[in-house]
Each structure stands twice: as C-alpha cells, then as structure tokens.
Amino acid sequence: MKKKELSVVVPVMNEEENVELLLTQITEALVGIDHEVIFVDDGSTDETLPILIKNSSETVKVVEFMKNFGQSSAMQAGIGFAEGA
C-alpha cells in the first residue's frame, strides 16, 4: 500500500456544529493532493462522533476515545494512525 502524501490530524471534542464544515473545507483545500484526514474524537458527549462516522471514508478516518484524554493525547493517537507525512 502506497503511503499518503499528506496526513492531517484533527483532534475534536463536542464540535457537532462545526465538524462537517471543517471537513468540507479541509477536503476542498487538499484537492489534487493524495491525503487522509484523521479525526480523533476526544470523548465527545454530543453528536460529533456519529457525524464523523457518517462522513468516514478511505480518506477520512475516525479514532474514538471513550473519554477525554486531552489534545496532546489525541494528537499523538492521530499521528500513530497516520500513513503520510
């Protein structure tokens, strides 16, 4: 499997009102670049996780934390899942 040219890691928590727009804007900005977007849900208690799962694909991955571990842990987890640079 070929590595992605770019991996974008996005930690989120309780962002149901923003996450779809953010995903759209990231995707539009990366047109023509072999990329993946890794959202790390850091224990959201709203509808953020279901929205992310609904939008997951080959290029949009979702990592779920069962509780809040903080932004640094979420970034580290996302980087661990990353296939690109």
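At a glance:
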{"read-out": "Test: residue in the range 32-45 that is closer than 25 Å to LYS3 by Cα, more than 13 Å from the chain's Cα centre (by Cα) and not acidic (Asp, Glu)", "value": "yes"}
{"read-out": "Criterion (at pLDDT below 95 and small (Gly, Ala, Ser)) met by exactly one of ALA77, ALA85", "value": "ALA85"}
{"read-out": "Search result, residues across the range 63-84 that are under 18 Å from SER7 (Cβ atoms) and aromatic (Phe, Trp, Tyr)", "value": "PHE81"}
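The values are calculated or read from the model by the stated rules, or taken from the named source; none is laboratory data. Everything quoted here is computed from the prediction, not taken from an experiment. Virtual Cβ from ideal backbone geometry, glycine too; neighbours counted across all protein chains shown.
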